[in-house]
Amino acid sequence: MSSPIAYLIRPSRPEAHVYAVSCTVQVPDAGGQRLFLPNWIPGSYLIRDFAKHVLRLEAECGGQPVAVSKLSKETWACAPCPGPLTVSYEVYAWDFSVRGAHVDATHGYFNGTSVFLCVEGQEAASCTLDIRPPPGECYRHWQVATAMARDGAPRRGFGRYRAEDYAELVDHPVELGEIRFAGFTACGVPHEVAISGRQRSDMERLCTDIRRVCEQHIRFFGEPAPMERYLFLVMAVGEGYGGLEHRASCSLMCNRWDLPGPADEPTMSEGYRRLLCLCSHEYFHTWNVKRIRPAAFVHWDLRRESYTRMLWAFEGITSYYDDLALRRSGLIDEAGYLELIGQTATRVWRSSGRHKQSLAESSFDAWTRFYQQDENAPNAIVSYYTKGALAALILDLTLRVRSTCTLDQVMRELWERYGKTGVGVPEDGVQRLAESLSGLDLGSLFQQLLHETEDPPLAELMAAFGVRFELRPAESADDAGGKPASSDPRRPRRVLGARLGNGPEVQLAQVYDGGPAQQAGLAPGDVVVAIDGIRANVQNLDKLLARSAPGERLEVHAFRRDELLHFEVLPQAAPADTCVLTLVSDVSPEVAARRQAWLGATESRP
Ligand code: ZN
């Protein structure tokens with residue numbers, strides 16, 4: 001028996017970056033079938049208008065053409081027909097990211113939201129998907145990596161797959177190409193890592209370490225895991241970084257040098273630690289956001305924005321636990337974990353936008369602000385990832401100090417009450433649950449964390465756990481924080497109060513509110529060519545700024561567009577915006593026990 005809806009996709013012209021797609025509806029709407037393509041992909045809160053990449057679209061029924069009209073940017077209407085109705089179209093796919101679709105002669109990758117039309121009114125109907133290889137002998141070694149259920153396709157092969165409904169169809173990204181696979185089992189669940197892109201990684205080490213993280217998360221929420229299988233879909237690239245969560249997989253884009261090499265030392269590089277944190281983050285989402293969902297996401301419309309003030313809980317709490325799981329699973333030590341918190345706090349402290357936008361506002365406006373950042377972003381917004389992670393940290397530590405409850409218990413209860421049942425979490429659900437489990441009134445804490453813009457009292461709270469929280473000036477433009485100063489902090493470098501672009505020129509990418517550059521009249525995009533009469537470049541910038549006596553202005557020449565302008569700049573000492581957390585060695589037994597309960601590994605390194 002044929003499925004109510006059958007899709008077929010093939011990279012028909014990889015050299016032109018084109019997929020040919022068809023969708024056959026057994027019983028179309030008697031009044032004329034409407035179909036639409038989503039305007040956004042869940043997990044990435046930006047209207048992307050995927051339908052703009054549909055190249056041509058036609059419909060037929062029983063060998064006869066069916067008239068099609070376009071109703072809006074993403075919706076087509078077919079004339080009434082008895083069915084089955086087949087709609088065929090091409091999709092241009094040249095978005096090399098985890099959010100879109102891409103194809104060339106080296107590989108193909110797609111998210112269903114970019115390529116599969118949704119049959120209006122039949123969103124809940126089951127469907128099949130035929131994935132075909134591109135035409136030509138040169139593609140005979142291509143394989144398929146996806147967590148979608150197979151319906152006749154051989155393992156890792158082209159053929160038929162199936163989904164229970166449209167939401168499931170578009171929640172399994174697919175990679176096509178010559179893929180490197182490796183696998184492991186975590187708490188009885190088969191897992192695969194599929195890597196595309198040129199790399200020579202130590203797959204065994206990668207699988208061993210990712211497995212520890214997966215088992216940590218599964219045991220955290222309680223066995224059994226909610227998915228039957230899981231796939232890490234990794235694109236190894238020279239430049240680029242990102243991840244997107246799905247119900248039984250995640251798409252990751254990482255720097256190929258972050259992958260552990262076969263000749264690497266057993267110590268963990270910062271890049272590899274970053275990659276494991278990314279894996280941990282996306283995997284935690286399997287529970288937190290894919291199943292424990294804000295009420296606003298339970299019946300979302302993929303044609304328009306879904307607003308919630310809770311992204312801090314889904315991205316921030318996930319960001320808190322992604323690092324913590326590395327510590328708990330014994331992959332990093334206490335100092336390494338504190339370094340990661342220090343780096344997160346540094347990102348928060350470096351942006352004055354934290355005093356202008358609250359976490360709740362940051363969540364709500366993600367669509368137009370966090371996802372559409374411009375040169376003024378550090379002055380205007382706060383990240384619900386980084387400040388959200390600090391909010392989760394503060395909530396956890398506060399619960400630990402003032403009650404017998406922890407954020408771990410709150411998360412497990414969220415899983416029981418909302419995740420397992422599919423009920424959406426109300427906007428105040430996290431606060432209500434934390435209050436009922438701890439017996440505390442947390443109204444003022446949540447008000448402060450989510451709706452106000454003052455810095456949270458991290459130093460006092462950390463002291464209760466035997467951790468010292470300090471702020472120091474950045475030592476260089478790429479000082480990410482988390483580590484103690486290596487030079488004398490009493491002699492900080494002088495700065496312009498701007499972030500530079502990546503090129504060799506001193507181009508101001510962002511100009512910080514109230515800083516020396518802004519006060520002198522310099523603007524984003526300006527290219528500083530000379531300071532104090534000497535040609536400036538990124539290498540000598542610090543030296544040139546250090547030449548002036550305190551209080552002395554420096555002559556600066558800069559191009560704005562093609563016009564040379566002159567400024568008088570008063571360089572400032574680098575502000576203390578770099579966070580460092582260190583373990584205090586001499587603490588009371590009570591503090592030591594509290595710290596151990598929070599930071600102790602639940603598993604030791606074998
Ligand atoms: Zn996330």
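No value in this document is a laboratory result; all are computed from the given coordinates. Everything quoted here is computed from the prediction, not taken from an experiment. Cβ sites come from the backbone with ideal geometry, for glycine too, and all protein chains shown count toward neighbours.
Scaling the Cα radius of gyration of segment 142-258 by the globular reference 2.2 N^0.38 Å produces a ratio of 1.06. Just to be sure I understand: of the beta bridges DSSP finds with both ends in the chain, what percent are antiparallel, rounded to 5? Taking every DSSP beta bridge with both residues in the chain, the antiparallel ones total about 80 percent. When the trypsin sites (Lys or Arg not before Pro) in segment 504-567 are filtered for DSSP coil states and for at most 14 other beta-carbon atoms within 10 Å of their beta-carbon, the remaining sites are ARG547, ARG553, ARG561. Amide hydrogen proximity for ARG13: with H placed 1.01 Å from N in the peptide plane, the residues at 5 or more positions away or on another chain lying under 5 Å are VAL18, ALA20. A Förster distance of 45 Å, applied to the separation of the beta-carbon atoms of LEU564 and HIS451, puts the FRET efficiency at 0.45. A convex hull fitted to the Cα coordinates of segment 328-457 yields 137 cubic angstrom per residue. Of interest is the spacing of the C-alpha centroids, which for segment 238-313 and segment 357-420 amounts to 16 Å.
Total lysine pairs in the chain at Cα distances under 26 Å, for residues eight or more apart or on different chains: 7.
Computed from Cα positions, the angle between helix 270-284 and the longest principal axis of the chain comes to roughly 50 degrees.
Which whole-angstrom value gives the distance between the alpha carbon centres of segment 45-77 and segment 529-593? Measuring centre to centre over Cα atoms gives 53 Å.
Qualifying trypsin sites (Lys or Arg not before Pro) in segment 52-108, where qualification requires a DSSP coil assignment and no more than 15 other C-beta atoms within 10 Å, comprise LYS73.
Rounded to the nearest 20, the size of the Cβ-charge dipole of segment 101-172 about its Cα centre is 480 debye, with Lys and Arg at +1 and Asp and Glu at -1.
Structural size metrics of segment 441-580, computed from C-alpha coordinates, are Rg and Dmax of 18.4, 61 Å. For n ≥ 4 DSSP H runs only, could you compute -39500 (n - 2.57) per run for the chain, divide by its residues and tell me the 222 nm figure to the nearest 500? Counting only the DSSP helices, I get -7000 deg cm²/dmol. Only one residue of TRP598, ASN537, ALA517 has its Cα farthest out toward the positive end of the dipole of segment 499-606, where Lys and Arg carry +1 and Asp and Glu -1 on Cβ, and that residue is TRP598. Each Lys and Arg Cβ is given +1 and each Asp and Glu Cβ -1; about its Cα centre, the chain then shows a dipole of about 600 debye.
By counting other Cβ atoms within 10 Å of each Cβ, how are GLU123, GLU168 ranked from fewest to most? All intermediate terms of the calculation are to be shown ahead of the outcome.
On the way: GLU123 13, GLU168 18.
Starting with the residue having the fewest Cβ neighbours, the order is GLU123, GLU168.
For segment 263-348, the Kirkwood estimate of the hydrodynamic radius, built from every pair of different alpha carbons, is 14.6 Å. For segment 186-323, the pair-distance distribution built from all alpha carbon pairs, in bins 10 Å wide starting at 0, is 11, 41, 33, 13, 2 percent. Debye-formula intensities of segment 501-606, expressed as log10 I(q)/I(0) at q = 0.24 Å⁻¹, are -1.47 (one equal scatterer per alpha-carbon, no solvent). Sparse packing (at most 16 other Cβ atoms within 10 Å of the Cβ) combined with a DSSP loop state is found for the following trypsin sites (Lys or Arg not before Pro) in segment 246-333: ARG304.
When the charge dipole of segment 355-417 is built from unit charges on Cβ atoms (+1 for Lys and Arg, -1 for Asp and Glu) and taken about the Cα centre, the candidate among VAL410, TYR384, ALA360 whose Cα reaches farthest toward its positive end is VAL410. Angle check, please: helix 317-328 long axis (alpha carbons) against the longest principal axis of the chain (alpha carbons), in degrees 0 to 90, nearest 10. Roughly 80 degrees, rounded to the nearest 10. Overall shape: oblate for segment 496-558, with the ratio a/c of the largest to smallest alpha carbon gyration tensor axis at 1.5 or above and b/c at least equal to a/b.
In plain terms, if you count all Cα to Cα distances in segment 29-185 and split them into 10 Å steps from zero, the share in each step is 10, 36, 37, 15, 2, 0 percent. Projecting the Cα atoms of ALA463, SER280, PRO262 onto the charge dipole of the chain, computed from C-beta unit charges around the Cα centre, puts PRO262 farthest toward the positive end. Segment 175-193 and segment 431-447 have Cα centres separated by 41 Å.
Note that segment 396-455, at 37 °C in a medium of 0.692 mPa s, gets a Stokes-Einstein diffusion coefficient of 270 µm²/s from its Kirkwood radius over C-alpha pairs.
In degrees from 0 to 90, rounded to the nearest 10, what is the angle of the helix 334-349 Cα long axis to the longest principal axis of the chain? Tilt of helix 334-349: around 90 degrees.
Dipole magnitude for segment 1-150: computed about the Cα centre from +1 point charges on Lys and Arg Cβ and -1 point charges on Asp and Glu Cβ, it is near 160 debye. Quick one: pull the percentage of alpha-carbon pairs in the chain with a separation above 35 Å. When all Cα pairs of the chain are counted, 46 percent exceed 35 Å.
Where Lys and Arg each count +1 and Asp and Glu each count -1, what net charge lies around ARG560 among other residues with Cβ under 15 Å from its Cβ? Mind dumping the intermediate values first?
Values: positive: ARG561; negative: GLU375, GLU505, ASP526, ASP562, GLU563.
That works out to -4.
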